[in-house]
Amino acid sequence: MATATAPAARSAEPRTAPPAVVGAGALIPLADGTRTDYANFDYAASAPCLEAVRGALDEALPLYASVHRGAGYLSQVSTAAYERARRAVARFTGVRDDDAVVFVRGTTDALNLLARALPEGCTVVVSSAEHHANLLPWQHAGSRAARVVRLPLPASPRQAVEDARAALRAAPDGPKLLCVTAASNVTGEIWPVRDLVEAAHAEGARVAVDAAQYVPHRRFDLADSGADYVAYSGHKLYAPFGAGVLAGRTDWLRDAAPYLAGGGATGNVTEDDVRWNDLPARHEAGSPNVLGAVALAAACDALTEAGQEALHEREELLLRRLRAGLAAIPGVHDLSLWEPDHPRVGIVSFVVDGVPAGLLAAALSAEHGIGVRDGLFCAHLLTRRLLPAGHDQAVRASLGLGTTEEHVDRLLSAVARIAEHGPALEYRDDAGRLVPAE
């Protein structure tokens, strides 16, 4: 059997431990009746809560009250915590002095908000490589885009820039927006955001960046990137409490009707008229998710204090170990849009010849205590294009702060065993999910 672990010149374990995650070392049952610690490789879907985030919530909960509504002491404390969280998120995101920071539910919510704030007649250019959150809102019935141009998958980062430039140059006069991911949720490949921003601005267009998969792994600085908008989710940033961010230029957001109509967005309501609030309250109708905002800010602060460069170096070692190990297993193919050595965050999607993705994921879970994601990853156009013949879905292994060398080696060993011998158990369909047959 092929070796299941890649040779590593040095350990991926850091001299200083990364921020601790809640539930690390949790024991889970296997199909054979034994228990093992859970090896989580599904960070790209939702990351576990940081201990620092739980601590921040423990402090905030006894003082929780309504935000921006009450004169009482607890309401004032919660309002201050909510706005303090906004400032912390702004620092983490590197916003410009005149940018808005709007709290939303997540990346999908943020980009739908922006889609409804587009100026009339806006041309939107978007790649077929995008996650559905950055692919579908622009064509939604509520979007004000007059024209959506969907670019084909680029053969190289340079081609991505040239395709975007050509599409924007060919667009009719009027407002234009280029939408791009910072890192693919399928392959982990990092997109050339700076070059895309430069090309777009040269054609008079703005740029919106989906950084959902990027910010848990590397720092994204909005001002330094030159982009006009950025969106990301707390639940992928170790703050799984229903908060996310849309940050960027204020004019389109200020001129647009409120994303939701309701309390908080209103400055005054009469029998005949409504005066809407200015940003950010204009797009934060309803009772704000103060605990989600506090959690997100705590995660931002914890990652900053830990030093994202050091965390990135640790992840790179784990990622190399994983990719080299998978490459050594016969019948395993990882998905890439560009060259194998193109920079990426800690995400690898792959298939195993002769083993359907759903069966592989089920066997990894039930027999080895390993959690991965299988499917098309809400990026159907990209994933289907990258799949080898004979496969209709893939398995995705994504790394995070709780990933260890032992977890990587266990995954490699399990994939090698299944690739050679198949699953050890029989499986049956249970409401669309494979589970061990009784």
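At a glance:
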quantity	calculated
Spin-label proximity, D32 to the stretch 362-385 - amide N less than 16 Å from point 7 Å beyond Cα toward beta carbon	363-370
Backbone HN-Hα couplings from phi across the stretch 219-224 [Karplus 6.51/-1.76/1.60, Hz, Gly and Pro as x]	6, 10, 10, 4, 5, 5
Qualifying GluC sites (Glu not before Pro) for the stretch 100-165 [loop in DSSP, other Cβ within 10 Å: at most 12]	E120
Label-point separation in nm, A223 to Q139, each point 7 Å along Cα→Cβ	3.8
Sorted peptide list for 58-70, 393-405, criterion being average Cβ within 10 angstrom, highest first	393-405, 58-70
Span from the the stretch 112-163 Cα centroid across to the the stretch 181-228 one, whole angstrom	14
Using alpha carbons only: equivalent-ellipsoid semi-axes of the stretch 25-162, gyration tensor based, whole Å	35, 30, 14
Principal axis dimensions, the stretch 220-294 - Cα atoms, whole angstrom, descending	45, 29, 14
Mean Cα-pair separation over length for the stretch 298-438, i.e. relative contact order, pairs under 8 Å, 6 or more apart, %	26
Whether the stretch 52-305 is rounded, prolate or oblate, judged on the alpha carbon gyration tensor where a/c under 1.5 counts as rounded	oblate
Estimated vicinal HN-Hα couplings, Hz - the stretch 345-356 in sequence order (Karplus 6.51, -1.76, 1.60; Gly, Pro = x)	8, x, 9, 9, 10, 8, 10, 10, 4, x, 10, x
In Hz, Karplus ³J(HN,Hα) per residue of the stretch 46-57 (6.51, -1.76, 1.60; θ = phi - 60°; x = Gly, Pro)	7, 8, x, 6, 6, 4, 5, 5, 4, x, 5, 5
Fewest-first ranking of E271, E313, using other Cβ atoms within 10 Å as the exposure measure	E271, E313
Structure-derived Cα extents along the principal axes in Å - corresponding label in (1) 74, 56, 44; (2) 85, 55, 41; (3) 61, 53, 53	(1)
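Read the figures in this text as sums done on the coordinates, not as results from a lab. Small disclaimer: the values here were computed from a predicted structure and weren't measured. Cβ atoms come from the backbone with ideal geometry, glycine included; neighbour counts cover every protein chain shown.
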